[in-house]
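Here, each number is a calculation from the coordinates, and none is a lab measurement. Everything numeric in this text was worked out from a predicted model, so none of it was measured. Positions of Cβ are backbone-derived with ideal geometry, glycine not excepted, and every protein chain shown enters the neighbour counts.
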Amino acid sequence: MTSTYMIGKSFGFSAAHRLPGLPKGHKCRRRHGHNFTAQVVLGADQLVPPGFVADFGDLDRFRRYLNRRLDHRDLNTVLDEPPTCENLARHLAAWFLEHMPAHLSDALVRITVSESDSSWAAYHVPGRRA
Ligand SMILES: Nc1nc2c(c(=O)[nH]1)N=C([C@H](O)[C@H](O)COP(=O)(O)OP(=O)(O)OP(=O)(O)O)CN2
Ligand SMILES: [Zn+2]
């Protein structure tokens, strides 16, 4: 279902990872780091006063999770699967749906994870569309 209004907020974190399962010699098999960006996108058909989908400030709990569990960590020890952008985006969406207040989790449309200005992956909550 498509929302009439959309908002997004981006959060940065720095972390290390390596991607097992790639061909021998692939540079991403080696441990390396990125300045990641996670972007949360929320949608709604109606605004709440004073004209918000949701207050950007209400996303602070998500920021705290990133800072506590992902920032300056080895992501291979955080996820049970290879920490690709795709898997990180799904992990973060699952956390968001489980732990954020209902007015935010009900509005989550997608989470995008970027490793650089030129590369990103998104996880869309099933049934919710931009
Ligand atoms: N679909 C995906 N492909 C790749 C991912 C990923 O998460 N999803 N991740 C990587 C590696 O993490 C790698 O560090 C980044 O790869 P890449 O963008 O190819 O390399 P650079 O950051 O050096 O970017 P350049 O544009 O080539 O300078 C690989 N693939
Ligand atoms: Zn990488």
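Quick grid of which residues meet (1) in contact with a strand residue (DSSP E or B) (Cβ under 9 Å, 6 or more places away or on another chain); (2) farther than 21 Å from PHE56 by Cβ:
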residue: HIS91; (1), (2): yes, yes
residue: ALA94; (1), (2): yes, yes
residue: LEU97; (1), (2): yes, no
residue: PRO101; (1), (2): no, no
residue: SER105; (1), (2): no, no
residue: LEU108; (1), (2): yes, no
residue: VAL125; (1), (2): yes, no
Requested in this report: List the number of the failed condition for PHE11; all other conditions in (1) closer than 20 Å to TYR123 by Cα; (2) more than 10 Å from ligand 1 (Cβ to nearest atom); (3) in contact (Cβ under 8 Å) with a residue 60 or more places away in the chain hold.
Outcome: (3)
Query raised in the report: Would you call ASN35 part of a helix (DSSP H, G or I) and either crowded, with 17+ Cβ neighbours inside 10 Å or not charged (D, E, K, R) (or both)?
Result: no
Query - Only listed residue being surrounded by 15 or more Cβ atoms within 10 Å (Cβ to Cβ), under 15 Å from the mean Cα position of the chain (by Cα) and over 14 Å from GLY8 (Cα atoms), chosen from LEU104, LEU59, LEU70 - result: LEU70
Query raised in the report: Does PHE36 satisfy the criteria of being closer than 24 Å to LEU108 by Cα, within 16 Å of ligand 1 (Cβ to nearest atom), of a type outside the set (S, T, N, Q) and touching a residue at least 24 places away in the same chain (Cβ under 8 Å)?
Result: yes
Requested in this report: Only one of these is under 20 Å from SER10 (Cβ atoms) and assigned to a loop (DSSP other than H, G, I, E, B): PRO83, PRO50, PRO23. Name it.
Outcome: PRO83
Query - All positions within region 53-67 that are small (Gly, Ala, Ser) and not in a helix (DSSP H, G or I) - result: ALA54
Query - Exclusive hit being away from ligand 2 (no atom under 16 Å from the Cβ), under 17 Å from TYR123 (Cβ atoms) and aliphatic (A, V, I, L, M), set LEU92, LEU47 - result: LEU92
Requested in this report: Determine if region 4-23 includes at least one residue that is over 15 Å from THR84 (Cα atoms), exposed (fewer than 15 other Cβ atoms within 10 Å of the Cβ) and either of a type in the set (Lys, Arg) or in contact with a Cys (Cβ under 8 Å, 6 or more places away or on another chain) (or both).
Outcome: no
